[in-house]
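Q: Got a structure for you, questions after.
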Amino acid sequence: MDTLLNEAPCGYFAITDKGLIQSVNQTLLTMLGYDREELLERHIESTMSVANKMFFHTYFYPYIQLYGQVDEMYFSFRTKDGKDLPVLLNGIKRNRDGNAVIDCVALEMRKRIEHEKDIMKTKQQLEVLYQQTNEANHRLELLHAQYEKKQQELLELNERLEALASTDPLTGLKNRRYFQEQLQKYTELSEQTEAAFSLCIADIDRFKSINDTYGHPVGDLVLTRLAQLLQEQSPAEAVVARFGGEEFVILLPGLDQEQALAAAERYRAATETTPLGDLRITISIGAATFAAADTELSLLQQADQALYLSKNNGRNRVTHYRD
């Protein structure tokens, strides 16, 4: 045998049509652990397990007889010491000196199989990791959705709490706390820009007699309907609030003394001419307009003094502090 073929980096053997080994290189002998004399003229199946003999009969022989060659057949030989030797087997049928010969090349597959096993194991691990990642991402999306929902609920709750903190529960108007915050804001704004704004305090005339005669439920109904009436008669930028008891306050941004008097008169007239259920009521109003030397407290005191004059001068009337 040619030296190059004998020491080639892959196993080589030639068999007859009947499977007898005619030639074998040293590489294959080393792979199988045999001496050359132990294999020559022996049947190739002597190097196979029973299962591989069946596979060789049902695949290799029929295929090479039909097509004349076999390409890349995964196969296992049995070494002399009884171990399996996985190989990639190629074979081709030739005529040599008038006889049919099958030349075969066997490439040891241990490292490739191990590599394929590693690849398969890595692939399985990646699939598990991918699945775990998907599940983790799904849980994260659920947690994020829950977080967004809770955050929205918290925002809505804060808005409701803020509304409750600044709203009179009976009338639905802004409460005294909110009014005082707005009064401070407009006072500071007027001090900086000299923008006009006015304040009205409205009080229901003889409200105690309504409660004494008809009871507190009717009194509450009167307060609620008057609050609605004052809100309807006010411009959009006005702040209408319940100051306490039967008193209401109205902040009128941008209105000077004359305009404030006209607005207050509209409130008084609308109340006098609008029946509240079976009752008719009147209100007295005190008005004040911010001046350079005023403070929040002084403006409230001025409007309160003007209201006192409206009450003392017969009720159902409007008085401006400067008058």
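The values are calculated or read from the model by the stated rules, or taken from the named source; none is laboratory data. In this text, all values refer to a predicted model and were calculated from it rather than measured experimentally. A quick note on method: Cβ atoms are made from the backbone with ideal geometry, for glycine too, and the neighbour counts reach across all protein chains shown. These area figures cover heavy atoms from the full protein model, side chains too; ligands, DNA and RNA do not enter into them. Shrake-Rupley method; radii C 1.70, N 1.55, O 1.52, S 1.80 Å.
Q: Go through (1) closer than 22 Å to Y267 by Cα; (2) in contact with a helix residue (DSSP H, G or I) (Cβ under 8 Å, 6 or more places away or on another chain) and name the single condition R176 misses.
A: Going through the list (1) closer than 22 Å to Y267 by Cα; (2) in contact with a helix residue (DSSP H, G or I) (Cβ under 8 Å, 6 or more places away or on another chain), R176 breaks only (2).
Q: Tell me which residues, restricted to segment 22-37, are open to solvent by less than 70 Å² (accessible area, probe 1.4 Å) and of a type in the set (S, T, Y).
A: Here is the first cut: in segment 22-37, the residues open to solvent by less than 70 Å² (accessible area, probe 1.4 Å) are 23-25, 27-29, 31-34, 36.
Correct list: S23, T27, Y34.
Q: List the number of the failed condition for Y130; all other conditions in (1) of a type outside the set (A, V, I, L, M); (2) within 37 Å of the chain's Cα centre (by Cα); (3) modelled with pLDDT of 90 or more hold.
A: The number of the failed condition is (3).
Q: When you go through (1) more than 22 Å from A303 (Cβ to Cβ); (2) of a type in the set (A, V, I, L, M, F, W, C); (3) touching a helix residue (DSSP H, G or I) at 6+ places or on another chain (Cβ under 7 Å); (4) open to solvent by less than 50 Å² (accessible area, probe 1.4 Å) one by one for L170, which number turns out not to apply?
A: The one condition L170 does not meet is (4).
Q: From the list S190, S298, S198, which residue is open to solvent by less than 50 Å² (accessible area, probe 1.4 Å), farther than 18 Å from T171 by Cα and either of a type in the set (D, E, K, R) or in contact with a Ser or Thr (Cβ under 7 Å, 6 or more places away or on another chain) (or both)?
A: On the way: S190 fails: either of a type in the set (D, E, K, R) or in contact with a Ser or Thr (Cβ under 7 Å, 6 or more places away or on another chain) (or both); S298 fails: either of a type in the set (D, E, K, R) or in contact with a Ser or Thr (Cβ under 7 Å, 6 or more places away or on another chain) (or both).
One residue alone meets the criteria, S198.
Q: Can you tell me which of V249, V218 is touching a helix residue (DSSP H, G or I) at 6+ places or on another chain (Cβ under 8 Å) and either crowded, with 19+ Cβ neighbours inside 10 Å or closer than 23 Å to A163 by Cα (or both)? Lay out the reasoning, then the answer.
A: On the way: V218 fails: either crowded, with 19+ Cβ neighbours inside 10 Å or closer than 23 Å to A163 by Cα (or both).
Among V249, V218, only V249 is touching a helix residue (DSSP H, G or I) at 6+ places or on another chain (Cβ under 8 Å) and either crowded, with 19+ Cβ neighbours inside 10 Å or closer than 23 Å to A163 by Cα (or both).
Q: If you go through segment 201-215 one residue at a time, how many are under 13 Å from I281 (Cα atoms) and open to solvent by less than 50 Å² (accessible area, probe 1.4 Å)? Even if it seems obvious, please write down each step before you answer.
A: In the first step, residues of segment 201-215 are kept if they are under 13 Å from I281 (Cα atoms); the result is 202-211.
Checking which are open to solvent by less than 50 Å² (accessible area, probe 1.4 Å) leaves us with 202-205, 207, 210-211.
Count: 7.
Q: Something else now. Answer yes if at least one residue in segment 184-199 is under 47 Å from the mean Cα position of the chain (by Cα), closer than 23 Å to N316 by Cα and hydrophobic (A, V, I, L, M, F, W, C), and no otherwise.
A: no
Q: What strands (runs of 3 or more DSSP E) completely inside segment 42-160 contain at least 3 residues that are among the aromatic types (F, W, Y) and either out of contact with any Lys or Arg (no Cβ under 9 Å at 6 or more places or on another chain) or surrounded by 10 or more Cβ atoms within 10 Å (Cβ to Cβ) (or both)? Quick ask: steps written out before the conclusion?
A: Numbers: elements: 69-78, 84-96, 99-108.
Correct list: 69-78.
Q: Considering only residues of segment 8-21 that are over 16 Å from Y61 (Cβ atoms) and in a strand (DSSP E or B), which is most open to solvent (accessible area, probe 1.4 Å)?
A: Step one: list which residues in segment 8-21 are over 16 Å from Y61 (Cβ atoms), which gives 8-12.
Adding the requirement that they be in a strand (DSSP E or B) leaves 11-12.
Numbers: G11: 0, Y12: 29 Å².
Per the criteria, the residue is Y12.
Q: Still on this structure: Sort out which residues of segment 268-293 are open to solvent by 20 Å² or more (accessible area, probe 1.4 Å) and not aliphatic (A, V, I, L, M), and write them in order of number.
A: To start, the set of residues in segment 268-293 that are open to solvent by 20 Å² or more (accessible area, probe 1.4 Å) comprises 268-269, 272-275, 277-280, 282, 290-293.
Matches in segment 268-293: R268, E272, T273, T274, P275, G277, D278, R280, T282, F290.
Q: List every residue pair whose Cβ atoms lie under 7 Å apart, where the two residues are 6 or more positions apart in sequence or sit on different chains, the first residue falls within segment 163-174 and is under 13 Å from T224 (Cα atoms), and the second residue, located anywhere, is part of a loop (DSSP other than H, G, I, E, B) and among the small types (G, A, S).
A: K174/S166
Residue-wise test of (1) more than 21 Å from L107 (Cβ to Cβ); (2) in contact (Cβ under 8 Å) with a residue 24 or more places away in the chain; (3) of a type in the set (K, R).
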position	(1), (2), (3)
G33	no, yes, no
H43	yes, yes, no
H57	yes, no, no
F60	no, yes, no
E72	no, no, no
L85	no, yes, no
